[in-house]
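Below: the structure, in structure tokens.
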Amino acid sequence: MPRIAVDAMGGDFAPEEVVKGVAQVSLETDIQCTLVGDEPQIQAVLNGVAYNPEQIAIHHTRDFITMAEDPKLGVRHKRNASILVAAQLVASQQADALVTAGNTGAAVLACAHHFKTIRGVRKAALASVYPRHTEYPGQDQLALLLDVGATIRCDATELVQFALMGSAYARRVSKVPSPRVALLNMGSEETKGGEVLTHAYARLKTISGINFIGNIEGNDLAKGKADVIVCEGFLGNVVLKLLEGLAEVVVDLAGTAARENWRSKLGLMMLASGFGRLRDLTDYTAYGGAPILGFEHLLIKSHGRANARAVKNAVKVAAKAVRDGVTREIAAAIEQL
Amino acid sequence: MVLRRSKQRAGEPALPVIFRWDLDKTYLKSEFDSLRELVRIPFEKPEDKVAVPGVVPLIRNLREVAAQRGRAVRIYFMSASPPQIAKAIKEKLALDGIEYDGIVFKNQLQHLVRGKFRNLREQVGYKLTELLKSRLTVPSGSREVLFGDDWESDPIIYSLYADLVAGRIVSDDLDEILTAIGVDPQLIVEAQTLAAEVRREPAVTRIYINLERRTPPTNFRAFGPRLVPAFNYFQTGACLFEEGHLTLGAVTQVAEELINGSGYTPDRLANSLADITRRGHLQQTSAIAVREYLRARGLLPRRAPHGGRTSVWERLTRWLRAKPAPAAAGDAAINYETLVTEWRAVR
């Protein structure tokens, strides 16, 4: 059974929602969770919910890094912060993977501090999943975008490695036998995007065992053209925030329209089921979290606003990745380079 | 609370410790969540009935440990099932090697004949009167430990019984409480009559509730520290060790059965032990004794369940902040008015 270390103090609604999510996991699965954080606070939450104590351990530490804190300073000055202790548990083989909804920068630094990178991997990548159209039956409703912030600039080799890591993750976790991998670029032609992207393109199309479909542009992101989209961290982060911002604007516009007149209200009511489906599709709590790839151990980063459901699903994703040997798959993919 | 040596005179028989067990969901893993499962129960053979993991070695050891220590015990069972299935249940207990001193079943047919259909489901009146009847048959001064589950009304029944015997509830209050619960008026009168006959003494030391439904522990806070909600019989066993009813060897047998017979792992047991300690029902010293004994026998992991290192300062501050041990049974003061209101709302 997979053993997952969970940063109980990370996230806007921690420890309440994190602990509740783990409590739900303990009732539904055989996953062993270690909640890392302030023991009295964690136990107080557990006492008020249904849980299976046999599946939950608590590792006490009082320090934690807040969402607003500078990650570098936090990691430097709070050696016993929950995210660092949780990473240490994984590094010392006392847990198989780590889940956090806390400060993303601190999560990346905690991994860098305690985990070794997979042999050959030059930089780790922070991935994110986002909803998109599906083009064929059985296609996952979520696409994997990486890197979204672990790096700023990358060279061609690093982008190629991101592609291999993302492909291995999608193959194992999303169960896509041959995930379609694309580079995010300003044009679909092979020569577009400057030296780094053209070199990456040239190398990716020669690698066997990866289904590289070429470049895709920003307007293709929401379509089902690719299952894994690769870019450097600076661009990935901008894209991710743009997608999130757009979703919020759409919801806001719909609300404003509904308040304007009765015809808009009626129209929106008629579209209610469609909006419901859209809401379900964009509901981040359903997919739990996304991985930081490239280390020998896995970290699943859940949304900062994660509720119990999101945490529960993040833990399940982490356990699935452990069961399916994602890091081994990535190591094998990198080795062939 | 550790049992102290009684101040008995030479030659005088020791007072027995009374262990009372509910049957369904506490001893037996009875499945009656659906109508089909409910209908199947009367037709089950003794060998088809399954005991809750760990309960068999625990009960056997309650008797054995008492015998080793020259103490007497009495074990009673109480079931809300009809006497028609008594044969199968008695055979099951025999198969498990459980010796008992009494077993009582609910005469459902009597309620049917009298047209008292509400009494078929109502357990408080039935169980409370049976407990009081049984109390009248045991030597006065005998201490009692009660075992139930979180399915029906065991926490409220056992607490009422404990407070009645201890003299904390007077007759008029009992009438009020049982009426509020919806107990049959005839049973209320019977309970009052029996309660009047029972000698007032602090008899019930602990009430263990098997959290079969995984009810949140906070839901039992109103019942006071006398009631211990336990998620499995390893937790119960550890607490019974602390109270002097079991030895470490007996707790080991419970752990072994959970591992060998029910798929438990050393990690799961370690987590259980840590949980009952964190919830304040088991003192650190007892938890350490259990942990070290079981570790030496390979039944708990070598490392701490949560692993990692803790600084001396951290350990010191945690020790200083640690919760006090649960208060003795006599300190319990239950507000039954609130309790019954909440209990009725849940039902």
Q: Report whether or not residue A:128 is within 14 Å of another protein chain (Cβ to nearest Cβ) and touching a residue at least 60 places away in the same chain (Cβ under 8 Å).
A: no
Q: State whether the residues of the range B:187-202 include one that is small (Gly, Ala, Ser), touching a residue at least 40 places away in the same chain (Cβ under 8 Å), in a helix (DSSP H, G or I) and away from chain A (no Cβ under 14 Å).
A: yes
Q) Just for helices (runs of 4 or more DSSP H) wholly inside the range B:265-347: which have at least 2 residues that are more than 28 Å from residue A:32 (Cβ to Cβ) and at pLDDT 60 or above? A) B:312-321, B:336-346
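Table: residues versus (1) surrounded by fewer than 23 Cβ atoms within 10 Å (Cβ to Cβ); (2) of a type in the set (Phe, Trp, Tyr); (3) under 16 Å from residue A:328 (Cα atoms).
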site: A:112; (1), (2), (3): yes, no, no
site: A:116; (1), (2), (3): yes, no, yes
site: A:138; (1), (2), (3): yes, no, no
site: A:144; (1), (2), (3): no, no, no
site: A:147; (1), (2), (3): no, no, no
site: A:167; (1), (2), (3): no, no, yes
site: A:177; (1), (2), (3): yes, no, no
**Q.** Inter-residue pairs, beta-carbon under 9 Å, first farther than 15 Å from residue A:99 by Cβ and within 14 Å of chain B (Cβ to nearest Cβ) and in the range A:70-85, second charged (D, E, K, R) and surrounded by fewer than 18 Cβ atoms within 10 Å (Cβ to Cβ), 6+ apart
**A.** A:78/A:63; A:79/A:63; A:80/A:62; A:80/A:63; A:80/B:314; A:81/A:63
Q: Would you check which residues across the range B:174-186 are in a loop (DSSP other than H, G, I, E, B) and surrounded by fewer than 23 Cβ atoms within 10 Å (Cβ to Cβ) and list them?
A: B:182, B:184
**Q.** strands (runs of 3 or more DSSP E) fully within the range A:70-158 counting 1 or more residues that are more than 14 Å from residue A:299 (Cβ to Cβ)
**A.** A:125-131, A:142-146
Q) Which residues, taken from the range B:153-204, are within 23 Å of residue B:16 (Cβ to Cβ) and of a type in the set (Val, Ile, Thr)? A) B:157, B:165, B:198, B:204
Q | Unmet requirement for residue A:39, which otherwise passes all of (1) of a type outside the set (A, V, I, L, M); (2) farther than 19 Å from residue A:310 by Cα; (3) within 21 Å of the chain's Cα centre (by Cα) | A | (3)
**Q.** Condition broken by residue A:188, with the remaining ones in (1) modelled with pLDDT under 95; (2) touching a Ser or Thr at 6+ places or on another chain (Cβ under 8 Å); (3) surrounded by fewer than 19 Cβ atoms within 10 Å (Cβ to Cβ) satisfied
**A.** (2)
Q | Count - residues of the range A:19-38 that are outside any loop (DSSP other than H, G, I, E, B) and more than 7 Å from chain B (Cβ to nearest Cβ) | A | 13
Q) Scanning for something over 23 Å from the mean Cα position of the chain (by Cα), within 26 Å of residue A:135 (Cα to Cα) and of a type in the set (Phe, Trp, Tyr), does the range A:207-224 turn up at least one residue? A) no
(Q) Looking only at residues that are within 14 Å of another protein chain (Cβ to nearest Cβ) and buried (at least 24 other Cβ atoms within 10 Å of the Cβ) in the range A:90-109, which one is nearest to residue A:68 (Cα to Cα)? (A) A:98
Q: Kindly check whether there is at least one residue in the range A:58-68 that is touching a strand residue (DSSP E or B) at 6+ places or on another chain (Cβ under 7 Å) and hydrophobic (A, V, I, L, M, F, W, C).
A: yes
Q | Yes/no for residue A:45 being closer than 24 Å to residue A:148 by Cβ, assigned to a helix (DSSP H, G or I) and more than 9 Å from every other protein chain (Cβ to nearest Cβ) | A | no
Q) Does the range B:270-277 include one or more residues that are surrounded by 23 or more Cβ atoms within 10 Å (Cβ to Cβ), on the phi < 0 side of the Ramachandran plot and of a type in the set (D, E, K, R)? A) yes
Q. Within the range B:218-238, can you find the residues that are assigned to a loop (DSSP other than H, G, I, E, B), facing chain A (nearest Cβ under 10 Å) and either surrounded by fewer than 20 Cβ atoms within 10 Å (Cβ to Cβ) or of a type in the set (S, T, N, Q) (or both)?
A. B:232
Q: With a cut-off of at least 3 residues that are crowded, with 17+ Cβ neighbours inside 10 Å and at pLDDT 95 or above, name the helices (runs of 4 or more DSSP H) lying wholly within the range B:82-173.
A: B:124-135, B:154-165
Q) Mind checking which pairs have a first residue in the range B:43-65 that is within 16 Å of residue B:23 (Cβ to Cβ) and of a type in the set (Asp, Glu) and a second that is modelled with pLDDT of 95 or more and part of a helix (DSSP H, G or I), Cβ under 8 Å, 6 or more apart or different chains? A) none
Q: Just name the residue that is nearest to the other protein chains (Cβ to nearest Cβ) out of those in the range B:246-264 that are in contact with a helix residue (DSSP H, G or I) (Cβ under 6 Å, 6 or more places away or on another chain) and outside any helix (DSSP H, G or I).
A: B:264
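The values are calculated or read from the model by the stated rules, or taken from the named source; none is laboratory data. Owing to the predicted nature of the structure, the values given are computational and were not obtained by experimental measurement. So basically every Cβ, Gly included, is an ideal-geometry build from the backbone, and we count neighbours across all protein chains shown.
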